[in-house]
Amino acid sequence: MGMTMTQKILAAHAGLERVEAGQLIEADLDLVLGNDITSPVAIKEMEKMKVDGVFDKDKIALVPDHFVPNKDIKSAEHCKCVREFACRNGITNYFEVGEMGIEHALLPEKGLTVAGDVIIGADSHTCTYGALGAFSTGVGSTDMAAGMATGKAWFKVPGAIRFHIVGKPSEWVSGKDVILHIIGKIGVDGALYKSMEFTGEGIQNLSMDDRFTIANMAIEAGGKNGIFPVDSLAVAYMKEHSQKAYTIYEADEDAVYDMEYTIDLSMLRPTIAFPHLPENTKTIDEIKEDIPIDQVVIGSCTNGRLDDLRVAAKILAGRHVAKGMRCIIIPATQAIYLQAMEEGLLKTFIEAGAVVSTPTCGPCLGGYMGILAEGERCVSTTNRNFVGRMGHVNSEIYLASPAVAAASAITGKISCPCQL
């Protein structure tokens, strides 16, 4: 009986010839990640352990990104805690304001995540790095503390679900639509503690940014991780961004999957997740009534990359956001921000009546830079639309692609670019 990609990576990092679903293992870590919300908790736990420093100052990444630049005194104190810990321990990959970005866009860009790695992060969307063929998963702050101290973590080896991707997506269909379609199909617990493994010739029609988006939202289906095979596109990305050695793992032909689905990209339509769960999806064709909105957010670790900004700019160019509409655009990293500026995308956004923010997670978790009042509706390219996620408990969030978000900003209601 063969192993999946995830199982092979975990076996290698546990020093075992093979592992099986349900087996408890201790694995070596290649990277431990924390942000300004979760790291202070982990730092306090490390202090209780009375350990002498971290296991490897080069294998820890600390990215203040949720309430940064600091929105209040409490967030400033959190960031100070992280900053001082990084200085005290000589952490190589600490990213201060001016260098930082949204963590799950920043780390691949900085070359810190590559194929074959085992990565944990005290943030649930750490599963993003599976787009490069790594095993990456979110953990609690206590596990982060143990990881920083020892360079190891305990795992229960996950079973797997295979998603066989075929076909080519039509215009305005992106990775966001793919993952929303999948979550709508299997539910928010459809992959509970499973590895979501993507295969098939259709993957060649998905850009790296598409793949990052899909892997990022594996957790929204309950997945332990999402992972893609390492093809020429992934190798080219790693060679461009990283100096690290990488290892390519491939699933065995007789690997065991708990379930298998075929996803035909050519059949997908722009998809929107209605309040208050990512599984509550409808295609643009299924929306028969006008749904007026108050705000659009384009950004986040899910959809703040360059492809996302280019699509939004293509739609907003020569147009203007609807009267009374708030449109907030957040490039995910400083490098993306700079490239968007050089390409003229920021000019397009501002001329269209949008505002452009420095990189931050801000509005995604109801932190700042776009909080919703009672009764307000937002179309957002973020990853969660739970009750009160972006503000008042009586506000509503509609998850969508940058294309749908930009079109909706222009019309003032949920729209597709094909309707403009």
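The values are calculated or read from the model by the stated rules, or taken from the named source; none is laboratory data. Model, not experiment: these values are computed from the prediction. Please note: Cβ atoms are built from the backbone with ideal geometry, for glycine as well, and neighbour counts cover all protein chains shown. We work out accessible area using only protein heavy atoms, side chains counted, and drop any ligands, DNA or RNA first. Shrake-Rupley method; radii C 1.70, N 1.55, O 1.52, S 1.80 Å.
Here's how it looks for K413: its modeled amide H is under 5 Å from those of I293, which are all 5 or more places away or on a different chain.
Compute the accessible area per residue over region 261-420, keeping the other protein chains in place, probe 1.4 Å, unit Å². Numbers along the way, then the final one.
On the way: 6020 Å² over 160 residues.
That works out to 38 Å² per residue.
Once the chain from L192 to K44 is taken as fully extended at 0.36 nm per residue, the excess over their C-alpha distance is 50.3 nm. Couplings for region 342-352, taken from phi via the Karplus curve 6.51 cos²θ - 1.76 cosθ + 1.60 with θ = phi - 60°, read 5, 7, x, 5, 5, 4, 4, 4, 5, 5, 7 Hz in order; Gly and Pro are left as x.
Restrict the search to region 95-144; then list the GluC sites (Glu not before Pro) that DSSP places in a loop and that have at most 16 other Cβ atoms within 10 Å of their Cβ.
Details: sites: E96, E99, E103, E109; in loops: E96, E99.
When the GluC sites (Glu not before Pro) of region 95-144 are filtered for loop state and at most 16 Cβ neighbours within 10 Å, E96, E99 remain.
If R0 equals 56 Å, the separation of the Cβ atoms of D58 and I371 corresponds to a calculated FRET efficiency of about 0.90.
Counting 0.36 nm for each residue step from K156 to E84 and taking away their Cα separation leaves a gain of 22.6 nm. Say we join alpha carbon atoms closer than 10 Å with springs in a Gaussian network model of the chain; which of G200, G318, G159 then has the biggest fluctuation? The residue with the greatest mean-square fluctuation here is G318. Expressed as a whole percent, the accessible surface of the chain that belongs to carbon and sulfur atoms is 51, based on a 1.4 Å probe. Here r is the Cβ-Cβ distance between T262 and D231 and R0 is 22 Å; the resulting FRET efficiency, rounded to 0.05, is 0.70. Summing Cβ point charges (Lys, Arg +1; Asp, Glu -1) relative to the Cα centre of region 37-90 gives a dipole of roughly 100 debye.
Rounding to the nearest 20 debye, state how big the charge dipole of region 275-420 is about its Cα centre with +1 on each Lys and Arg Cβ and -1 on each Asp and Glu Cβ.
With only Lys, Arg, Asp and Glu charged at Cβ, the dipole is about 160 debye.
Accessible surface calculations at 1.4 Å, restricted to protein heavy atoms, place region 166-244 at 35 Å² per residue. At what distance in angstrom do the alpha carbon centres of region 348-417 and region 282-334 lie from each other? The two parts, judged by their Cα centres, are 7 Å apart. What the phi angles of region 276-289 give under the Karplus curve with 6.51, -1.76 and 1.60, with θ = phi - 60°, is a coupling list of 10, 9, x, 7, 7, 9, 9, 7, 4, 6, 8, 8, 9, 9 Hz, glycine and proline written as x.
Note on A317 and K185: their simple-model spin labels are 3.3 nm apart, each label 7 Å out from Cα toward Cβ. Between E250 and L16, the modelled labels are 2.4 nm apart [label points 7 Å from Cα along Cα→Cβ]. The protection proxy used here, the mean number of other Cβ atoms lying within 10 Å of each residue, ranks peptides 26-32, 258-264 as follows, highest first: 26-32, 258-264. If you plug the beta carbon distance of V387 and I73 into 1/(1 + (r/R0)^6) with R0 = 25 Å, you get a FRET efficiency near 0.35.
Calculated from the structure at hand, volume of the Cα convex hull per residue in Å³ is found among (i) 128; (ii) 211; (iii) 160 as (i). Across the options A312, S300, A332, the greatest Cα extent toward the positive end of the charge dipole of region 294-334 (unit charges at beta carbon of Lys, Arg, Asp, Glu) belongs to A312.
Compute the Cα gyration tensor for region 308-420, then decide on rounded, prolate or oblate, letting a ≥ b ≥ c be the square roots of its eigenvalues: rounded whenever a/c is under 1.5, prolate when a/b is larger than b/c in the other cases, and oblate in all that remain. If you can, show how the numbers build up before the last one.
Values: a/c = 1.94, a/b = 1.29, b/c = 1.51.
Oblate, since a/c reaches 1.5 and b/c is not below a/b.
The separation of region 126-198 from region 73-119, counted between C-alpha centres, amounts to 21 Å. A cut-off of 5 Å between modelled amide H atoms, ignoring neighbours fewer than 5 places along the same chain, links G159 with G22, S195.
With a ≥ b ≥ c taken as the square roots of the eigenvalues of the C-alpha gyration tensor of region 239-362, please select rounded if a/c is under 1.5 and otherwise prolate if a/b is larger than b/c or oblate if it is not? Cα axes put region 239-362 in the oblate bin. Between amide H atoms placed 1.01 Å from N, distances below 5 Å from D28 occur with A14, all of them 5 or more places distant or on a separate chain. With helices as the sole contributors, the chain gives -9000 deg cm²/dmol at 222 nm; each DSSP H run of n ≥ 4 counts as -39500 (n - 2.57), and the sum is divided by every residue. Cα centroid separation, region 229-266 to region 1-68: 21 Å.
Whole number in Å², please: accessible area per residue of region 1-115, 1.4 Å probe, ligands, DNA and RNA not counted.
It amounts to 43 Å² per residue over region 1-115.
If you wrap region 74-165 in the convex hull of its Cα atoms and look at it from every side, the mean projected area works out to 7.6 nm². Coupling constants for region 367-372 follow from the phi torsions by the Karplus curve (6.51 cos²θ - 1.76 cosθ + 1.60, θ = phi - 60°), and in residue order they are x, 6, 6, x, 6, 9 Hz; glycine and proline get x. Charges were assigned to the Cβ only: +1 to each Lys and Arg, -1 to each Asp and Glu. The resulting dipole of the chain about its Cα centre is roughly 820 debye.
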